[in-house]
1. Cβ-Cβ below 6 Å, separation at least six or inter-chain, first residue in the stretch 67-93 and surrounded by 10 or more Cβ atoms within 10 Å (Cβ to Cβ), second in a helix (DSSP H, G or I): which pairs?
2. Quick check on my filter: what residues within the stretch 29-52 are surrounded by 10 or more Cβ atoms within 10 Å (Cβ to Cβ) and assigned to a loop (DSSP other than H, G, I, E, B)?
Amino acid sequence: MTARDAGPSSMPSDRSLRARAAAHARWAKHDPVSGTVAARNAFLDRFDREVDPDNRLDPDERARRAGHARRRYFLDLARRSAAARRARSTSSRSG
């Protein structure tokens, strides 16, 4: 912790607000698309490696399969998100 973090503003919600404000300050000065291109490419490349780890497929076939792998990933993410919301809703009603 730094001296700046000491005191009441070191609460997690305050740190979160400071981080959000810093992110908005960054994106106000810089293009967010170019600022995240490397991370986005790394994330998408993950699906290419998943479906073709040895890089043997035709690029069109690899892209087709990677597209399905991405859809599967996001559908699973949506399913888990819905299950978490359902669990929170059930626990808030019973408690």
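Every number here is computed from the coordinates shown, using simple stated rules; none is lab data. This one's a predicted model, so the numbers in the text were calculated from it and none came from an experiment. Counting neighbours? That spans all protein chains shown, and the Cβs are built from the backbone with ideal geometry, glycine included.
1. A69/F47; A69/E50; A69/V51; R70/F47
2. H30, T36, D52
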